[in-house]
1. Tell me which residues, restricted to the range 101-119, are part of a strand (DSSP E or B), over 24 Å from Asn63 (Cβ atoms) and charged (D, E, K, R).
2. Return yes or no: is Val46 over 16 Å from Gly179 (Cα atoms), of a type in the set (A, V, I, L, M) and open to solvent by 70 Å² or more (accessible area, probe 1.4 Å)?
3. If a residue must be within 15 Å of Tyr119 (Cα to Cα), open to solvent by 70 Å² or more (accessible area, probe 1.4 Å) and in contact with a helix residue (DSSP H, G or I) (Cβ under 9 Å, 6 or more places away or on another chain), how many such residues does the range 57-85 contain?
4. Filter the range 6-41 down to the residues that are among the β-branched types (Val, Ile, Thr) and under 15 Å from the mean Cα position of the chain (by Cα), then identify the one that is nearest to Val160 (Cα to Cα).
5. Given the residues Ser64, Ser59, Ser49, which is the only one that is free of Cβ contacts under 8 Å to residues at least 40 places away in the same chain and hydroxyl-bearing (Ser, Thr, Tyr)?
6. Of the numbered conditions (1) open to solvent by less than 10 Å² (accessible area, probe 1.4 Å); (2) on the phi > 0 side of the Ramachandran plot, Lys110 satisfies every one except a single condition; which is it?
7. Against the condition acidic (Asp, Glu), closer than 30 Å to Thr206 by Cβ and part of a loop (DSSP other than H, G, I, E, B), how does Asp98 come out, does it pass?
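The values are calculated or read from the model by the stated rules, or taken from the named source; none is laboratory data. It should be emphasised that the depicted structure is a prediction, and the values quoted were computed from it without experimental measurement. Using ideal geometry, Cβ is built from the backbone for each residue, glycine included, and neighbour counts are taken over all protein chains shown. Quick note on the areas: whole protein, heavy atoms, side chains included, nothing else; ligands and nucleic acids left out. Shrake-Rupley method; radii C 1.70, N 1.55, O 1.52, S 1.80 Å.
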Amino acid sequence: MSTALLLIDLQNDFCPGGALAVEEGDQVIAVANQAIAVCRRRGWPVVASQDWHPAAHRSFAVNSGQTPGTLGELNGLPQVWWPVHCVQDQPGAAFHPDLAQDGIDKVFRKGQNPDIDSYSAFFDNGRRTETELDSWLKGRGVTTLVVMGLATDYCVKYSVLDALALGYTTSVITDGCRGVNLQEDDSLAAFEEMQQHGAHLIALKTFEMGAH
């Protein structure tokens, strides 16, 4: 029985000044670094997801003739139309410069198919393809995941729901998450939904003390 830390999309474009900036997004970097340090001391693996879109991704409003922040449909799935963000090999797609990247064992990129969005670190939004994350974790005997990152109401929520569906005991470090909040209470609703599906909501301090 092993635990791993999963960091979700701690990238420049989701932090203040970025193309899809999440309010206070940069404040979770210090939380991530403390959580990484805890895992290093305990010998637990640390993995991270990275949004990695081609410039022609159709979830970008400009590529689909839509208005950013509005709702529509892409490839048969509900779609929020986003500003251009996390384009492959561009500075916005890079991890935040303050993140302790040397403490990350493996990075899993998502969102590379231009025809479908990918919020979860495990699957695209239609669960039509999956990343290597689940097989990597299972190959190392990981049964428990501790998750944090950006953004609460999208990539964190869908990663956590998929982790639970895949059978992982899953905790969310709430002070290590920030949300987009297209609607004012989206992050709160996301935490409640994760909890209703079986996730444990914890604080960094709780994780540091060994409870998760």
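1. Residue satisfying the conditions is Lys106 alone.
2. In short, no.
3. Matching residues across the range 57-85 total 1.
4. Ile8
5. Ser64
6. Result: Lys110 fails condition (2) only.
7. yes
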